[in-house]
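Bear in mind that the values in this text are calculations on the coordinates, not laboratory data. Note that the structure is a prediction, hence the values are computed from the model and not measured. Here the Cβ positions follow ideal geometry from the backbone for every residue, glycine too, while neighbour counts run over all protein chains shown.
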Amino acid sequence: MSQISTTRISKELLKFQSTSTLNLVQPTDSLTLFYVDLKVEGNEAVYPPDDIYRLRFIIHPEYPFKPPQVQFITTDQHTTKPYKIPMHPHIYSNGHICLNILYDGWTPANTLHTVALSVQSMLSGNSVNARPEGDKSYCSSAPLNPLHSKWVFDDDKV
Amino acid sequence: MYSQEVSDEELYEDDNDFYDDDSEDDVDDELEFDTEDDYSVNKLNFEDEDDEFKTTLPPRFVHYCYPQKFTRGMLPTNRMKYEPVDYEDIELKLKCKIGNLNKILQIGTDDCTVLLIYYHWNDQKLLEDYTTQDTTEVRRKAGLSDIAGNLETNLIQTAKEGDMCLICCSESTAENPLNVFHLQHCSHSYCIDCYIACVKLAAEQGNLLINCPEPSCKLKIRPTELHQIDAYNTRILEKLEAEKKQENDAIRLRRLTEDQIKVKYQDDFDDSLDSPDSDDDDDDVQKEIKDEDLFNFHERSLKRQRKEKEDKRKKSLYRNYWYHICKNYIMTNRKTFKSCPAADCESSVEYLGFDSSNIVSIDEYITTYIPIVECTNHHRFCYYCNAEDHAPALCFLVKIWVQTCKDESKTLSWLSANTKDCPGCQEPIEKNGGCNHMTCKSCHHEFCWVCMSDWSRHTDNYNCGFARDPRISNDKEKQEKSRASLTKYLHFVQMFDIHRVSLKKDKEFLSKLEMRVQEIQQKVGVSWIEAQFYRECIDILLKARVTLMWSFAFMYYMNPKSKEIPAVQRLQNILSFNVETLSKLFEVTASEYVIQKKSEFLTTASSVKNHQFNMIDKVMELMITDKNLLSGAL
């Protein structure tokens, strides 16, 4: 990891302390893997107030000039209980999120905090309790890393 | 309309020769010279906006896919008009569009560039929107601020002490002040290194218009802003290079002194020790040349040129920006632009319509003619099917010919013409001689080849008394027919293949020979221009081989009842003879004598060229007059 990434991430992590609905979890001492436990408030119709969703960030060595790998997860070696993948017309059941700032629209001025906030606002503004079209076929053929998928961003309303 | 045509003709074709390289070259040279000239003007007066964005373009040099208005039999031809273009030409054209738009809108070339890119260079639509709709809204959508006008201030500033770049999180201190940059109309400033990285990233992501790095800001970087960043970047790169050079020089200096010491000591030894060393060096050089033998000289120099351009481009963000704009322009205007299919060639061809109003669309054109075009690097290809030159075979003939050659169905028809299935085990059997008493090798079934029934019924080995079943005789007729068509197919496919292989061999052989001639030329001291005839002869030979090769595919599909078959065959034979003569001449002439045999090469080549033209011309005439000519293909 480059000098820039380390200085930047250590500064970025401090920002999470100010937001109560975003809970940063740092499972290891390394600066390449983080979880953000995310609560959605004020949208009980789709997301029950007690539900917590877990967002996983894997940092690229050239961060912030390369985007981090961001997705929702249910379980992995660092979790103790299974999480749910939130229902959203842009979130696939394997946890991949169709959001342009995570892929082609990434700019180095984005931070982990702003990404988490955008995902959160994407959820709180949503009223459709459904998966995207073609969810099954995408999940059956999707690469593990969502950055390797070819994304088409055609809907900027939701 | 007519006078326009005449002037075009005068410009281009004053000679009756087919593929007249000289006149073509003249036009091309002029063309290249023109663009180069303009380009250098751009570079010199870069700051002067008026010169970069001209409002008039240099005159077009129209090329034709077929060189003459009439065939030798005085039949009028329809020709497709085109112009070979480089990225530089496109850049010039687009900049002219920007200049013209700025003349009308008066909002600065910067804003015009961004607006035009946003509107995919559709200036009509842009003008309409800009004048009828809310101007600020149109500008905002394209990523421009509300204030029009070009940039005049320097946007790179030194940050105050304690300011921090939000991307790399480095702080500006009194000893180490940060250079920061922001767009003219927004206040999102980042340190210049990060800004450069962001611009590079956006270019990698394939964005033509580059956003301000701040996600909430919708402003786009405008050309002059990019130019400022680029100027800074170039300065840094140059500085780095200079440092590196200094370092290298220091190392070399050290080595030199060591060498000098050695030389000093070796002076005492015998001089013969030095000679094997120098021999080794020579061997290395020769090895390098051999590795490159696979390409011919032309392709090699093309590759080198391209690499130089690419290196230059990579260093400059601004040039890279324009490169991608031009590339995108060609890709998005596929109806009028075709990129050259040759590897390592970045040239393209712009379609300019037809020289007569009889033909409206390219789809109609290719039913009778072949739109063979030549790019700025002299690669010949078909405008319609993007394949290499395939005259005199029409595009659809090429398609079915390739399909037929690939198809297994022909193998199957060989089987059906030459074999029968064993009645016992259904294994296909070929009768390669002997009597009609067959014994199957796999199932040992014994049967009669004529009536296919059990051999036990037969007594005479040579006469079958049972072959009177009408069904069987019908089969036989079918078999005869398929056998005849197969023989025909095999003949043409063999001829086609012979010339295809010769073409390949010629290419390999000639590129090696050319290499040798280049060497000799350097040794003997013949000027480059004087040795050019050799290149031209090679070109003529290869082109003629292509024509000869495809003429066999054409013949295969010709209507067997056509009275013109012998005439075409005669032309084919003459062409074939001439091509082989030239090929032989190349083969037997030792590279030392090539220059001396100049006149012999030139006469043979011109005769090849002439017969190649005769061939294509004849086929063209036939295509125009006889609509049923290709009934064999339908």
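Quick check: Cα centre of segment B:494-523 to Cα centre of segment B:198-230, how many Å?
Each part reduced to its Cα centre gives a spacing of 49 Å.
Using each residue's phi in segment B:503-512, evaluate 6.51 cos²θ - 1.76 cosθ + 1.60 at θ = phi - 60° and report the 3J(HN,Hα) Karplus result to the nearest Hz, with x for Gly and Pro.
Coupling constants for segment B:503-512: 4, 5, 5, 4, 4, 5, 4, 5, 5, 5 Hz.
Compute the length gained on full extension between B:Phe337 and B:Lys523: take 0.36 nm times their separation in residues and subtract their Cα-Cα distance, giving the result in nm to one decimal.
62.6 nm
What are the ³J(HN,Hα) values, in whole Hz, obtained from phi via the Karplus relation 6.51 cos²θ - 1.76 cosθ + 1.60 with θ = phi - 60°, for each residue of segment B:220-232 in sequence order, with x given for Gly and Pro?
Result, ordered by residue: 9, 6, 9, x, 5, 5, 4, 4, 5, 4, 4, 4, 5 Hz.
Sort A:53-60, B:425-432 by the packing proxy (mean of other Cβ within 10 Å over each peptide's residues), most packed first.
Listed from highest to lowest mean packing, they are A:53-60, B:425-432.
Answer rounded, prolate or oblate for segment B:486-633, using the Cα gyration tensor with square roots of eigenvalues a ≥ b ≥ c: rounded when a/c is under 1.5, else prolate when a/b is larger than b/c, else oblate.
prolate
222 nm [θ] for chain A, helices only, -39500 (n - 2.57) per DSSP H run of 4+, per residue, to 500?
-6500 deg cm²/dmol
Amide H neighbours of A:Leu33 under 5 Å, at least 5 residues apart or on other chains, H built in the peptide plane: list them.
A:Ile59
Long-range amide H contacts for B:Arg79: which residues qualify at under 5 Å (H placed 1.01 Å from N, peptide plane, sequence gap of 5 or more or a different chain)?
So B:Arg79 has HN proximity to B:Asp355, B:Ser356.
First measure r as the distance between the Cβ atoms of B:Asn386 and B:His491, then evaluate 1/(1 + (r/R0)^6) with R0 = 25 Å and state the FRET efficiency to the nearest 0.05.
Once the sixth-power term is evaluated, E becomes 0.30.
Could you work out the mean count of beta carbons from other protein chains within 10 Å of each residue's beta carbon in B:77-87?
Partner Cβ neighbours, averaged per residue: 0.
For a quick check: with amide H placed at 1.01 Å from N, whose amide H comes under 5 Å from B:Arg72's, ignoring anything fewer than 5 positions away on the same chain?
Close amide H contacts, sequence-distant or interchain: none at all.
Could you tell me, in Å, what Rg and Dmax come out for the Cα atoms of segment A:92-145?
Using the Cα atoms of segment A:92-145, the pair Rg, Dmax is 12.7, 34 Å.
Considering every residue in A:103-115, what mean count of other chain Cβ atoms within 10 Å of its Cβ is obtained?
The per-residue average across the peptide is 5.
Other chains near B:166-177: what is the mean number of their Cβ atoms within 10 Å of each residue's Cβ?
Averaged over the peptide's residues, the number is 3.
With the contact rule set at Cα under 8 Å and sequence spacing of 6 or more, what percent relative contact order holds for chain A?
Relative contact order comes out at 20 percent.
Given a Förster distance of 30 Å, report the FRET efficiency between B:Leu352 and B:Ser301 from their Cβ-Cβ distance, rounded to the nearest 0.05.
Plugging the Cβ-Cβ distance into 1/(1 + (r/R0)^6) gives 0.55.
Work out, step by step, the length gained on full extension between B:Glu152 and B:Leu75: first 0.36 nm times the residue separation, then minus their alpha carbon distance; give nm to one decimal.
Taking B:Glu152 through B:Leu75 to full extension adds about 21.5 nm, to one decimal.
Express the relative contact order of segment B:486-633 as a whole percentage, based on alpha carbon pairs under 8 Å and six or more residues apart in sequence.
Normalised by residue count, the contact order of segment B:486-633 is 34 percent.
Among the lysines, which have Cα under 26 Å from the Cα of B:Lys244 when same-chain residues fewer than 8 positions away are ignored?
Here the lysines satisfying the reach criterion relative to B:Lys244 are B:Lys200, B:Lys307, B:Lys309, B:Lys312, B:Lys314, B:Lys315.
In what sequence, highest mean first, do A:94-104, B:302-312 appear when ranked by Cβ atoms within 10 angstrom?
The most tightly packed comes first, giving A:94-104, B:302-312.
From the gyration tensor of the Cα coordinates in segment A:3-148, what semi-axes in whole Å does the equivalent ellipsoid have, largest first, with each one equal to sqrt(5λ)?
Semi-axes from the Cα gyration tensor: 24, 18, 15 Å.
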